[in-house]
Amino acid sequence: MASDESFSDFFYPAADGLKLHTRIYGERNADAWPVICLPGLTRNARDFHELALHLSRKAEIPRKVIAFDYRGRGQSDHDPDIGHYNVGVEAGDVFAGMSALGVEQAAFVGTSRGGLIIHVLGALKPAVLKAIVLNDIGPVIETEGLAHIRSYLDRAPKPKTLAQAVDTQRRVHGADFPALTDADWARMVRAICRETAAGWVPDFDPALVDTLAGIDFSKPLPGLWPQFDALAAVPLLAIRGGNSKLLSAASVEEMGRRHPGMETITVEGQGHAPFLETGTLPREIADFLDRAERESE
């Protein structure tokens, strides 16, 4: 069912029967690699709207773009078993969506948790990955960044108006994102929240917060270096927020050492995770995908 002129909604069943949702942009763009966009822990397909418009309409090589809502986010069903809110199950849901759409291979853009899911996809079926953009995520997650995420999710307020919701996000994240404009903050709120009779509420299953409850933030989290090393043959662009607490500059340096062809972008004035629609990022991402596809021929 068409939502507006820029994208359509596609629903498909997960292996366990949950109804899951994607947005599809540029559906008729069949002459280039499609792009699959995977959002962060509590985020959804709306995060990629502006980037998807650029890749599907404005880029030199227009592409079909598919943005996923994981289970429990956006327009996808909530899961009664919160144990299913994990990257393994979500990777399976992405495979199911690709199968339902008839997509065998694609370039992938993964923000935060989306990048972790890309690591899992590569471990399970590496041939699906034609190129990768990792947005502020790598094989090592800094516990400070994850603790910050849990702290603001635990005490998330319930603003009544859009202006209050924007103010809330600015107060929580403003120190890490001094480069954002008023329009950026408003767009962020519309992407991560939905308006209800009770006010602006986060557009995800509240039970997701419980999945972070058992993490000991005093200890380093297990790394994914073997899974990252398995991506060495895939063209890779790593984007890091200059103020990120989740992805360290040292991790990016080590990623580049292990993946000599990796390209990097540091987004100054932004933290975790950079807004992919800001500045020159849409053009730089499109150019990276174009180069990767040309060099594969």
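Laboratory data are not the source of any read-out in this text; all were calculated from the coordinates shown. Note that the structure is a prediction, hence the values are computed from the model and not measured. Heads up, the Cβs are rebuilt from the backbone with ideal geometry, glycines too, and the neighbour counts pull from every protein chain shown.
Computed values, structure above
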| item | result |
| --- | --- |
| Amide hydrogen neighbours beyond the local backbone of Cys193, cut-off 5 Å, H modeled | Asp203 |
| Residue among Ala107, Ala59, Ala183 with the largest mean-square fluctuation in a Gaussian network model of the chain, springs linking Cα atoms under 10 Å | Ala183 |
| Relative contact order (percent, whole number), the chain, Cα cutoff 8 Å, 6+ residue spacing | 20 percent |
| Proximal lysines to Lys245, defined as alpha-carbon separation beneath 28 angstrom and excluding residues fewer than eight positions away on the same chain | Lys158, Lys219 |
| Lysines with Cα under 26 Å of Lys19, excluding same-chain neighbours fewer than 8 positions away | Lys64, Lys125 |
| Within the stretch 186-229, backbone nitrogen closer than 14 Å to the virtual label 7 Å beyond the Cα of His78 toward Cβ | 194, 201-211 |
| Sequence-distant residues sharing a close amide H with Leu38 (under 5 Å, placed H) | Val109, Gly110, Thr111 |
| Bins of 10 Å, starting at 0 and running to the largest distance - Cα pair percent for the stretch 145-297 | 9, 30, 34, 22, 5, 0 |
| Helix-only CD estimate at 222 nm, as mean residue ellipticity for the chain, using -39500 (n - 2.57) per DSSP H run (n ≥ 4) | -10000 deg cm²/dmol |
| Rounded FRET efficiency, nearest 0.05, which uses the C-beta distance separating Ala198 from Thr280 and R0 of 35 Å | 0.35 |
| Extended-chain gain in nm, criterion 0.36 nm per residue less alpha-carbon gap, Ala250 and Ser8 | 83.1 nm |
| Length added when fully stretched, Ala232-Glu104, from 0.36 nm per residue minus Cα-Cα | 44.1 nm |
| Phi to ³J(HN,Hα) by Karplus 6.51 cos²θ - 1.76 cosθ + 1.60 over the stretch 211-220, Hz, x for Gly, Pro | 5, 9, 5, x, 7, 8, 6, 7, 10, x |
| The stretch 1-122: relative contact order as a whole-number percent, Cα under 8 Å and 6+ apart | 30 percent |
| In sequence order, calculated HN-Hα J values of the stretch 60-65 (Karplus, 6.51, -1.76, 1.60; Hz; x Gly/Pro) | 4, 10, x, 10, 6, 10 |
| Sites matching GluC sites (Glu not before Pro) across the stretch 2-83 that sit in DSSP coil, with at most 13 neighbouring C-beta atoms within 10 Å | Glu5, Glu60 |
| Highest to lowest packing among 69-75, 143-149, scored as the average C-beta count within 10 Å | 69-75, 143-149 |
